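Worksheet for the structure shown next.
The values are calculated or read from the model by the stated rules, or taken from the named source; none is laboratory data. The shown structure was predicted, so the numbers you read here are calculated from the model rather than taken from an experiment. Neighbour counts run over all protein chains shown; Cβ positions are idealised from the backbone, glycine included. Surface accessibility is based on the protein's heavy atoms, side chains included, excluding ligands, DNA and RNA. Shrake-Rupley method; radii C 1.70, N 1.55, O 1.52, S 1.80 Å.
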Amino acid sequence: MTQPNNVCVLVAEIRGADRFTDTLGAAEARQALERCLHRIDRAIEANGGTAQRSGAARVCATFPRGDEAVLSTCEMLDRVQSLPPLRGLRMTICVGLHSGAASANDAELGAARLAETAKPGHALASEAVVKQLSATGRQFVAASPSRNPALAGLGWTAFAVARQPATGASVPEESRLWHRVRIRHDQDTLFVDEARPVVLIGRELGNDIVIADPRASRQHARIERRREGFVLIDQSTNGTFLAADDGNESCIKGAELVLTCSGRIGCGFSASELERELVLIDVV
């Protein structure tokens, strides 16, 4: 268990930003960089971390516990991987995790060193972080220390952190139990997971998420956790719209849609509209 005066520090670095500037130009490269940083920030916020930008392509975050830092790492690696390539170039990040006294900067320095050492698209956690993980967090860390020779001068061992499997991969159910969908609407936040496998959405007060818009049906849609993943099911009159973070929007009516990315749901109206009744989802 983490000591009260200790924190777990996460450092995420974007690799290859200069290549984007050379290929895309300064303005478009800045936009691509900001999209990547935004996804990193969202993963940190979703898992209870406090983030601070540290340079043009680095984010430093603190977490009270290592479990949340590890889950945040898995989520941000997946979020950044899902960004579409630009002229053949993909953004990649490297992440380091280290633990130490909140009053000192040793933890940040250690996390930064691990981020610099990690390969693009990978993450490393120090032994100090791994020792404090619960069984839930420990399952996302390699059983044996990394053999990367660049770690030899650290004075402590480090472990590779697992990442979320690529969309569409065949993943055994037992390996997928930690996945969940976070649903946000107005001031409400719910999770579809093993404990709550179904969330109901609609205009009727008995739903888990109540939509006041008259275009929504009384029992409009539901999100279910199944063996193959999470599924959005429409049972409405006007259809259910899903706008993914990449800008693509789908509409289903009396049909199902497997959720593979974060986005916005509109119940009877386009999810691209700026509506207060939008339902925000994150596949974490």
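Measuring nothing but protein heavy atoms, the accessible surface of the chain at 1.4 Å probe radius is 50 percent carbon and sulfur. As a ratio to 2.2 N^0.38 Å, the alpha-carbon radius of gyration for the range 194-250 is 1.19.
Applying a DSSP loop filter and a limit of 10 other Cβ atoms within 10 Å to the trypsin sites (Lys or Arg not before Pro) in the range 225-274 leaves Arg227.
Can you give the extra length, in nm with one decimal, that the chain gains between Cys261 and Arg276 once fully stretched, where that is 0.36 nm per residue apart less the Cα-Cα distance?
Working it through step by step, the gained length comes to 3.3 nm.
Roughly how many Å is it from the Cα centre of the range 200-219 to that of the range 243-279, as a whole number? With the range 200-219 and the range 243-279 each reduced to a Cα centre, they are spaced 15 Å. The mean accessible area for residues of the chain, using a 1.4 Å probe and ignoring ligands and nucleic acids, is 48 Å² per residue.
Note down, for the chain, the three equivalent ellipsoid semi-axes (square root of 5 times each alpha carbon gyration tensor eigenvalue), biggest first, whole angstrom.
Working: eigenvalues 254, 97, 55 Å².
So the equivalent ellipsoid measures 36, 22, 17 Å along its semi-axes.
Find me the longest stretch of the chain that has none of the exposed GluC sites (Glu not before Pro), where exposed means in a DSSP loop (not H, G, I, E or B) with at most 16 other Cβ atoms within 10 Å.
Values: sites that count: Glu194, Glu204, Glu228, Glu273, Glu275.
Segment 1-193 is the longest.
Calculate the dipole size of the range 31-147 relative to its Cα centre from +1 charges on Lys and Arg beta carbons and -1 charges on Asp and Glu beta carbons; express the result in debye to the nearest 20. List each step's numbers first, then the result.
Working: 14 positive and 11 negative charges, 80 e Å.
Result for the range 31-147 is approximately 380 debye, rounded to the nearest 20.
For the range 221-236, backbone nitrogen atoms closer than 15 Å to the point 7 Å from Lys253 Cα along Cα-to-C-beta are found at 234-236.
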